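Okay, so here's the structure we're looking at.
The values are calculated or read from the model by the stated rules, or taken from the named source; none is laboratory data. Since the structure is predicted, the reported quantities are computational estimates derived from the model, not experimental observations. Reconstructed Cβ throughout: ideal geometry from the backbone, glycine too, with neighbour counts over all protein chains shown.
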Amino acid sequence: MEDEARDILRTALAQEPAQAGNLADAIRRRVERLGGVELALPVRGPMRELARFHMIILDTNVLSETLRPTPSTRVLEWMRSDPWI
């Protein structure tokens, strides 16, 4: 079994390493014989306004505090102070 493993390794190491290439060039070489296609580019309109996000990450301890029989007034005040919560 060790001899077989050595033979496999010896054979694998004796081979020339594969040439690393550019994926886009490899794809182009495969499909260029099929011919090209000219596509009309659509006219671009003005950029839309970016969406505005407001994100707060709450720790589970903060969320579970509201479920306690007497939650912390600091936590409740903080949560009331932010309109997004």
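Could you count how many residues in region 17-65 are of a type in the set (D, E, K, R) and closer than 30 Å to residue 75 by Cβ?
Counting residues in region 17-65 that are of a type in the set (D, E, K, R) and closer than 30 Å to residue 75 by Cβ gives 3.
Quick one: how many residues across region 20-43 are in a loop (DSSP other than H, G, I, E, B) and at pLDDT below 85?
Result for region 20-43: 7.
Test of understanding: among 83, 71, 46, which residue is in a loop (DSSP other than H, G, I, E, B) and touching a helix residue (DSSP H, G or I) at 6+ places or on another chain (Cβ under 9 Å)?
The unique qualifying residue is 71.
Please enumerate the residues belonging to region 3-19 that are among the hydrophobic types (A, V, I, L, M, F, W, C) and assigned to a helix (DSSP H, G or I).
Once the filter is applied, which keeps residues that are among the hydrophobic types (A, V, I, L, M, F, W, C) and assigned to a helix (DSSP H, G or I), region 3-19 yields 5, 8, 9, 12, 13, 14.
Does residue 50 satisfy the criteria of being modelled with pLDDT under 90, surrounded by 10 or more Cβ atoms within 10 Å (Cβ to Cβ) and either within 34 Å of the chain's Cα centre (by Cα) or hydrophobic (A, V, I, L, M, F, W, C) (or both)?
Against the criterion (modelled with pLDDT under 90, surrounded by 10 or more Cβ atoms within 10 Å (Cβ to Cβ) and either within 34 Å of the chain's Cα centre (by Cα) or hydrophobic (A, V, I, L, M, F, W, C) (or both)), residue 50 does not qualify.
Report yes if residue 7 is acidic (Asp, Glu), surrounded by 10 or more Cβ atoms within 10 Å (Cβ to Cβ) and more than 34 Å from the chain's Cα centre (by Cα), otherwise no.
Yes.
Evaluate region 19-26: report whether one residue or more is exposed (fewer than 10 other Cβ atoms within 10 Å of the Cβ) and over 26 Å from the mean Cα position of the chain (by Cα).
Scanning region 19-26 turns up at least one residue that is exposed (fewer than 10 other Cβ atoms within 10 Å of the Cβ) and over 26 Å from the mean Cα position of the chain (by Cα).
Among the residues that make up region 61-75, is at least one of them over 27 Å from the mean Cα position of the chain (by Cα) and modelled with pLDDT under 85?
Scanning region 61-75, I find no residue that is over 27 Å from the mean Cα position of the chain (by Cα) and modelled with pLDDT under 85, so the answer is no.
Can you tell me which residue among 55, 79 is surrounded by 10 or more Cβ atoms within 10 Å (Cβ to Cβ), at negative phi and either at pLDDT below 90 or β-branched (Val, Ile, Thr) (or both)?
Residue meeting the stated conditions: 79.
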